[in-house]
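The values are calculated or read from the model by the stated rules, or taken from the named source; none is laboratory data. Because the structure is predicted, anything quoted here is derived from the model rather than measured. Note that we place each Cβ from the backbone using ideal geometry, even for glycine, and neighbour counts take in every protein chain shown. Just the protein is used for accessible areas: all its heavy atoms, side chains included, with ligands, DNA and RNA removed. Shrake-Rupley method; radii C 1.70, N 1.55, O 1.52, S 1.80 Å.
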Amino acid sequence: MGDEGVMVGSEVAALAATFDPIPLDVLTAEAEALTLKVHGPLVTYSRKVFIPLTKLCRDVCHYCTFAHTPRTVASAYLTKDEVIEIARAGEAAGCREALFTLGDQPEARYAVARDALAALGHATTLSYLQEVAAAVLAETGLLPHLNPGLMGDADYAVLRPVAASMGLMLETTADRLSEKGGPHFGSPDKAPAHRLAAIEAAGEARVPFTTGLLIGIGETRAERIAALIAIRDLHRRYGHIQEVIIQNFRAKPGTKMVDHPEPSLDEHVWTIAVARLILDPAMTIQAPPNLHQPEELGILLRAGVNDWGGVSPVTPDHVNPESPWPHLDALTEATAKAGRLLRERLAVAPVFARDPERWLDPTLATIVRRQVDARGLPIVDQWHAGTGDSIPAITDGGATKRTSQLDDVIARARAGERLSIPDIVSLFEADGHDAGIVADAADDVRRAAVGDDVTYVVNRNINYTNICLYKCSFCAFSKGSTRAERGPAYRLDLDEVGRRAAEAVERGATEVCLQGGIHPAYDGHTYLDVLRAVREAAPSIHIHAFSPLEVTHGATTLSLPLEDYLGQLRRAGLSTLPGTAAEILDDEIRAIICPDKVSASEWLEVMRTAHRVGLRSTATIMFGHVDGYVNWARHLLAIRDLQEDTGGFTEFVPLPFVHMEAPMWRKGQARAGPSFREALLMHSVARLVLHPLISNIQASWVKLGHDGAVAALRAGANDLGGTLMDESITRAAGGRNGQLCDPAQMAQLAAQAGGVARQRTTLYRSVAPGSVAPAGA
């Protein structure tokens, strides 16, 4: 035994000595606490179809009923048409994963397999697997997961472009189980060294990989610990293990091990708990739910399980055909009884789905990215911002193991405390019943802060040019010589800007909102001229204009300090600033979506300076693209901290990313916006985090749609923003919720939310409908 083997042996002995004396209930309590700390109450599963491409195998594992001999199968391989038929049935049933399970290299043992492959135009099973997996990927919406046995570098290189993930059960590292009399005798592919080499090669190839242990086949507890250490060490080296299955042996009729004793429930629970404590805390641990009685599932969850693996509404478990999948309703109920929440995942685990560029082939990366939310879980309700889709319910289930923790965070938010980043992330992670608790708490805080009035402002958007020097990858509004496919470029002259402002007054507006691209001909004088044109044409109108990017551009081109230039803008008629160009106030994200734009600190400095010279402003967040909950938390705290210093923000406006025409989405570089749960929670969490410093949280009817805006008004928002008249930026991104929401519609939305509509000025003073507010109001 080499030095490394001695070290592993010593660690195995030490861990065995540590775990063996611990009572099982103490061990599982520690494992459950660690699971909840890292994974929260969510338990995932994959909705899949099981495709047994071939049941021929060169191995003869003594417990297996999956592998057959040529005399007992109708054909050596499923045809491609048969594979596609199974996949399409799964797609019709709402499945997202195509699980290919097959025997290991049957062509090495059986002439019939070699002949069948030759007829199919292939020399190896893996070559044929590549063809049919590619067909499933191209012709259905399913993501292939491949379990073909041992693979090497060349195999992974060929299969990686057609598979979201792959897997190989390690089962054990005990060589003695491959000796005569052992369950793996006569199965060359079950040699632990070969399987460890295949798992390591998957790490080298950056393949999201599933592996695990099969317990109760004659191994000792110490040997299980050794296998877990081997998996842990490979994952530490490559980071590619997406889940570890702890599967319990089941004695099956017709096998050599039919009389072998099955492991007890306690033995399975002990192994799961030890796995949770040995492996990386973020590791997903899976146990097959169909190999236990329904009443035992909660016990497995308490031991450290956070995933049930694949469950099929279409195909049986071909590996354990005697054990049918549990019905999803029953699995949901059993999970809920344990204080957990069942949620669907993809064939690729959430942590890998959040970083698809690293782990997936480019084509698969785009497919995965477009399906998931910020957690890396699929958006199953298919709601998207700006589309007018029906809103889904988000508050299913009962209280979870995290509910009391959320209650504590909410209590501190109600008291006006500054929450930490982990606190805020936990609020964004709330799902099911817990999401309802967050939304209800935000609504209570809203009612205490501003009452039941639902405010709105009658305004007009004037976007004076869509020509822009900047290359923000999310923006479908800006145009240039290379962007002609998204519509013509334009630049309004000053007379037209003034005319539109005067027309806005005639139509009852109290505000014009002025923004545009950074035209190459614009300098600081341009923005001053725009203000003078508006003020001359509409002396009474409130001018809400110029993002921090435009202000920075104006000051820089005139070589003026921000304070001096903002003073000039104010004297020329500027009343307030919109809080756009904020996007995500985290330079980690800005480096991806708007690298040439103002930095987070520069945006904040413009607002700080504006507040200092007497100009108030709004604040926004544009979310749901390449960002995550930590980035959202940093953004909210940056806004809160500045507000605590200056008091200059009038409102906070969440703007869910509208993806349809956004360049980065079209290039496969962004998610398809937030889920509805995330969009709604942004309003709720903003209300809690910013309390009591910012009283007004706006719901964008343009982004959310009318029903979505009503839901937000019941979850912490109190303002519907502007009637807009000429909304064009969201429309350019593919939004379909309209360009105008008149006062009558505002009143209807407010009533639906249980509130009373009240027209306001930009600074939230009341104004009688149809009257003219003072220019600075």
Residue that is farthest from residue 436 (Cα to Cα) [pool: residues in segment 676-717 that are part of a loop (DSSP other than H, G, I, E, B) and either modelled with pLDDT under 95 or open to solvent by 10 Å² or more (accessible area, probe 1.4 Å) (or both)]:
693
Tally, over segment 454-477, of residues that are open to solvent by 10 Å² or more (accessible area, probe 1.4 Å) and small (Gly, Ala, Ser):
1
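If the requirement is being within 39 Å of the chain's Cα centre (by Cα), closer than 15 Å to residue 462 by Cα and open to solvent by 10 Å² or more (accessible area, probe 1.4 Å), which of these qualifies: 580, 556?
Details: 556 fails: closer than 15 Å to residue 462 by Cα.
Only one candidate passes the filter, namely 580.
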Could you please give the count of residues in segment 60-93 that are under 39 Å from the mean Cα position of the chain (by Cα), in a helix (DSSP H, G or I), closer than 26 Å to residue 118 by Cα and in contact (Cβ under 8 Å) with a residue 40 or more places away in the chain?
5
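Considering only segment 254-268, how many residues are in contact (Cβ under 8 Å) with a residue 24 or more places away in the chain and in a loop (DSSP other than H, G, I, E, B)?
First pass over segment 254-268, keeping only residues in contact (Cβ under 8 Å) with a residue 24 or more places away in the chain: 254-257, 260-263, 265-268.
From what is left, the residues that are in a loop (DSSP other than H, G, I, E, B) are 254-257, 260-263.
Residues that pass the stated criteria total 8.
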Among (1) open to solvent by 10 Å² or more (accessible area, probe 1.4 Å); (2) closer than 19 Å to residue 274 by Cβ, there is one condition residue 254 misses while meeting the rest; what is its number?
(2)
Qualifying residue in segment 327-334 (condition: in a loop (DSSP other than H, G, I, E, B), at pLDDT below 95, of a type outside the set (Phe, Trp, Tyr) and surrounded by fewer than 21 Cβ atoms within 10 Å (Cβ to Cβ)):
yes
Tell me, which residue of segment 94-122 that is farther than 25 Å from residue 186 by Cβ and in a loop (DSSP other than H, G, I, E, B) is farthest from the chain's Cα centre (by Cα)?
121
For strands (runs of 3 or more DSSP E) lying entirely in segment 132-245, having 2 or more residues that are polar (S, T, N, Q) and open to solvent by less than 40 Å² (accessible area, probe 1.4 Å) picks out 209-215
Per the filter on segment 9-59, residues open to solvent by less than 10 Å² (accessible area, probe 1.4 Å) and either among the hydrophobic types (A, V, I, L, M, F, W, C) or without any contact (Cβ under 8 Å) to a residue 60 or more places away in the chain (or both) are 27, 31, 43, 49, 50, 51, 53, 56
What's the number of the only condition in (1) crowded, with 23+ Cβ neighbours inside 10 Å; (2) under 17 Å from the mean Cα position of the chain (by Cα); (3) part of a helix (DSSP H, G or I) that residue 366 fails to meet?
(1)
Using beta carbons and a limit of 7 Å, which pairs, at least six apart or on different chains, have the first residue in segment 123-141 and closer than 18 Å to residue 93 by Cβ and at pLDDT 95 or above and the second one open to solvent by 30 Å² or more (accessible area, probe 1.4 Å) and not β-branched (Val, Ile, Thr)?
140/88; 140/91
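If you go through segment 530-565, how many residues are over 20 Å from residue 580 (Cα atoms), assigned to a helix (DSSP H, G or I) and aliphatic (A, V, I, L, M)?
First, pick out the residues of segment 530-565 that are over 20 Å from residue 580 (Cα atoms): 532-541, 557-561, 564.
From what's left, assigned to a helix (DSSP H, G or I): 532-537, 557, 564.
Filter once more, so that each one left must be aliphatic (A, V, I, L, M): 533-534, 537.
Residues that pass the stated criteria total 3.
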So residue 191 fits all but one of (1) touching a residue at least 24 places away in the same chain (Cβ under 8 Å); (2) under 30 Å from residue 221 (Cβ atoms); (3) over 27 Å from the mean Cα position of the chain (by Cα); what number is the exception?
(1)
Within segment 291-308, the residues that are surrounded by 17 or more Cβ atoms within 10 Å (Cβ to Cβ) and either over 27 Å from the mean Cα position of the chain (by Cα) or over 17 Å from residue 341 (Cβ atoms) (or both) are 291, 292, 299, 303
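Going through segment 585-606 one residue at a time, which ones are more than 14 Å from residue 475 (Cβ to Cβ) and open to solvent by less than 20 Å² (accessible area, probe 1.4 Å)?
Step one: list which residues in segment 585-606 are more than 14 Å from residue 475 (Cβ to Cβ), which gives 585-589, 591, 598-606.
Once the filter is applied, which keeps residues that are more than 14 Å from residue 475 (Cβ to Cβ) and open to solvent by less than 20 Å² (accessible area, probe 1.4 Å), segment 585-606 yields 585, 586, 589, 598, 600, 603, 606.
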